[in-house]
Each structure stands twice: as C-alpha cells, then as structure tokens.
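For reference, the structure discussed in these notes is given below.
The values are calculated or read from the model by the stated rules, or taken from the named source; none is laboratory data. Since the structure is predicted, the reported quantities are computational estimates derived from the model, not experimental observations. As a convention, Cβ positions derive from the backbone with ideal geometry for all residues, glycine included, and neighbour counts pool all protein chains shown. Note: areas computed on protein heavy atoms with side chains; ligands, DNA, RNA excluded. Shrake-Rupley method; radii C 1.70, N 1.55, O 1.52, S 1.80 Å.
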Amino acid sequence: MKRQKIRFAVLFISFLLFPITIFYFSPFLPFMSAKLHIINGSVIVFLCLILGGMFLGRAFCGWIMPCGGIQEVCFSMNNRPVKQSRWDYLKFFIWAVWLGFLIFFVIKSGGYNKIDFFFGTKHGISIWAFYYYVVYYSVIFLFFISALIFGKRSVCHYSCWITPFMILGRKMANIIKIPSLRLKKVNNNCTQCKLCDKACPMSLEVSAMVHSGKMENTECILCGSCIDVCKTKTIKFAFTSYR
C-alpha cells in the first residue's frame, strides 16, 4: 500500500496549499477577468487539464486535487458508495452552462488581449485578505457536507465543474488513439472477491469491469487502489492507446 500512502500524502499537502491555490480552480474569476480582456490563471489551468486528460485521464482528481482530499477525509465518517447513475451527468450540464456563459462574456467584452496568470491573487496567493476566508471555508463546507450526506466523492460524481475538462481530454485521446495512462486487465486469475470494488474511492464496480475486460470508465480517477488490493495481480497501470 506504499503507493496509497504516497497518494494520501500528496492529497494532504495539496489540501494544505489550498488557501494559496483555490483561485486557480475558480469558476468565477474567468468572468471577472473576461471583462478586462484577461486570460486568468484558472482558464489556463482548465486548458492544461484538457491536455493532461489526454495523457493521464482523471489522475489529477485522484492524486492532486485538494477537494478530492477533503472528500476522502470524510470516508471515516461516511463510507457509503455512490453508484453511477444519471445524476453523474449533472456535472456536464453545470459545465456546459458555465462554458456557454463564459463564451458569451468573452465575446461581449471583445475578446482577450492579455494573459495574467495571477489575476485576483496577491503575489500568487489566493486567500490574501480576511474576507476571502469566507469564500475558502464556504467551498470547504460544501465539499465536506456533500461527502457526509451523499457518500464517497459525491461531488466528483455529481457537480464538479473541473471533471469534464479531463474527461474531454480523455475522449479526444481515445478518438485519435493517443497512448495514455489506463487500467489494464493482465490475466484471468480474478476470483471476484470484490476487494477492488470496496477499495475504489469512486465506488466503481471494478470487478465487473475486469470480468467484461472493459477497463475504461469516465469516473475512474486512476488512483491505483484497485491495483493495490488485488491479490491475484489481475489489474495494473499501462500507458497504451484506447482499443
């Protein structure tokens, strides 16, 4: 489980740095910067997530995203699985509406003519004034309460506006057959013990994926938990193109 210890450590450090980085994931600053014809840091980050998604899928969610760490901290209080359902598409609706409004704002303002990665921050730090802590703790509370009420990584399933960027990148990679990080079934030794299902922080039925041989799932965050608990070593990471 060394890999998971490293993953939890990275998520914890990322969470500690969240007061510095939170505005680089903001869905609101792009509207403020668009009025000033500025491409801000979060727009650049979102574009990088599309590019990263082409090669690493949603690994960012599983290994780095601070809000993912917040939700996993809540596992000890509510470890209820969140099964895939039509509600998973809610995040795409939120993302599409957000993107539509942003494009409208950009066109209305006359487009971009400047890049300022640190727009809205002070010396690169997001929470630099006392009143910004209201924003910070409101975000923390929303992720915390959602995890407590709905279960494991429920925000990642239902309402995260960042997730669709990575899924878009992954879909693009699959279409043009670019090699990227994936789960791969490497043998037929699976005993259907379902330890992988229990270990998955996204509540995926990994055992069913193994049984079918179809290891691709848009909700997979490539955390490696299923690999680490598999006694038969049936699953591993592979850097291959989609088949």
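Its residues counted as N, the stretch 171-243 yields a C-alpha radius of gyration over 2.2 N^0.38 Å of 1.05. With R₀ set to 35 Å, the beta-carbon distance separating Ile140 from Leu90 gives a calculated FRET efficiency near 0.95.
Straight-line cross-link partners of Lys177 among the aspartates and glutamates, defined as a Cα under 14 Å from its Cα and at least 8 positions apart when in the same chain: Glu216. The figure for Phe105 is an accessible area of roughly 60 square angstrom, using a 1.4 Å probe on the protein chains alone. Taken over the C-alpha atoms, the stretch 71-158 has Rg and Dmax values of 17.4, 49 angstrom. Ordering Pro179, Ile38, Ser109 by Cα displacement along the dipole of the chain toward the positive end leaves Pro179 in first place; charges were set at the Cβ atoms of Lys, Arg (+1) and Asp, Glu (-1). In the chain, Cα pairs under 8 Å separated by at least six residues give a relative contact order of 29 percent.
When both bridge partners sit in the chain, DSSP labels roughly 70% of those beta bridges antiparallel. The residues of the stretch 180-243 have, on average, 51 Å² of accessible surface per residue, using a 1.4 Å probe with all protein chains present. The Cα atoms of the stretch 145-202 cover 39, 35, 12 Å along the three principal axes, with the biggest extent listed first.
Note on the chain: with charges restricted to the Cβ of Lys and Arg (+1) and Asp and Glu (-1), its dipole about the Cα centre is near 740 debye. By the Cβ distance rule (another cysteine Cβ under 4.7 Å), the unpaired cysteines of the chain are Cys48, Cys61, Cys67, Cys74, Cys156, Cys160, Cys190, Cys193, Cys200, Cys220, Cys223, Cys230. Between the C-alpha center of the stretch 176-231 and that of the stretch 147-173 there is a gap of 17 Å.
Rounded to the nearest 10 degrees, the inclination of helix 2-16 to the longest alpha-carbon principal axis of the chain is 20 degrees.
Straightening the chain between Met172 and Phe239 buys 22.5 nm, computed as 0.36 nm per residue apart minus the Cα-Cα spacing.
Solvent-accessible area assigned to carbon and sulfur over the chain amounts to 71 percent, based on a 1.4 Å probe.
Note on the stretch 69-162: Lys pairs 8 or more places apart or on different chains, Cα atoms under 25 Å apart, count 4. Length available on full extension from Lys194 to Val10: 0.36 nm per residue minus the Cα-Cα distance, which gives 63.6 nm.
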